[in-house]
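**Student:** What follows is a single structure, and I will ask about it in a moment.
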Amino acid sequence: MKKAFVFLGIGAIGLLAWVAAGSNEPVATQAMGAPQSMMVSLTTTSRPTPPQPQPATTNPDSPRPIIIPVAGVDRSAVHDMFDQVRGNRRHEAIDIMAPRGTPVIAADYGTVRKLFTSVPGGLTIYQFDPDERYCYYYAHLDRYADGLHEGQVVHRGDLLGYVGTTGNAAEDAPHLHFAVIRLDAGKQ
């Protein structure tokens, strides 16, 4: 009797493992010695949905997951320089080095809120995330993508512009100056 319970237990564990693995093949299984009425039919009609990327944290105030906004640049090539001092101020961004003309792509879904030229940033883009909690700031662009305009909805990976050296960037060091800014209630 004890052996029957052990085999039944092992069978149940195997069944649970098979279900957890997500097989999509129709199957019928029966516990050893159980009457036909205890047969269980496990059938799925489609493959399980693959897991979607999740934010590193569940804190609603945390930034959304984003991609590296320069095409072809690996995460390992991006270095933290947020707190570096530049002149008399903190940098508060990262510089992503790339050849002039490398595509700059949207780091996240959202809306282009402002296209602006400034002395320090040169050609810049201000993009808000879909919830308007964060602004993605792209600076030192060589040029904007054809047709880019304020109010345009963009998807993660859409072309925004091209790496350059406008503004106060050194002519021999093309890069994207990229910052994520938490917006206040006035969206500033």
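All of the numbers you see were taken from the coordinates with simple rules; none came from a lab. Model, not experiment: these values are computed from the prediction. Cβ placement follows ideal geometry from the backbone for every residue including glycine, while neighbour counts extend to all protein chains displayed.
**Student:** Would you tally the net charge around ALA169, using a Cβ to Cβ cut-off of less than 11 Å, leaving ALA169 out, and scoring K and R as +1, D and E as -1? Before the final figure, lay out the partial values.
**Tutor:** Details: positive: ARG100; negative: ASP95, ASP142, GLU171, ASP172.
Surrounding charge for ALA169 is -3.
**Student:** Assuming 0.36 nm per residue, please report the length gained on full extension of the stretch ASP74 to LYS114 beyond their Cα-Cα distance. Spell out each step's value before the answer.
**Tutor:** Details: separation 40, 0.36 × 40 = 14.40 nm, distance 2.73 nm.
Full extension of this stretch gives 11.7 nm more.
**Student:** Same structure, new question: Please report the equivalent ellipsoid semi-axes of region 74-181, computed as sqrt(5 x eigenvalue) of the Cα gyration tensor, largest first, in whole Å.
**Tutor:** Working: eigenvalues 85, 49, 37 Å².
The equivalent ellipsoid of region 74-181 has semi-axes of 21, 16, 14 Å.
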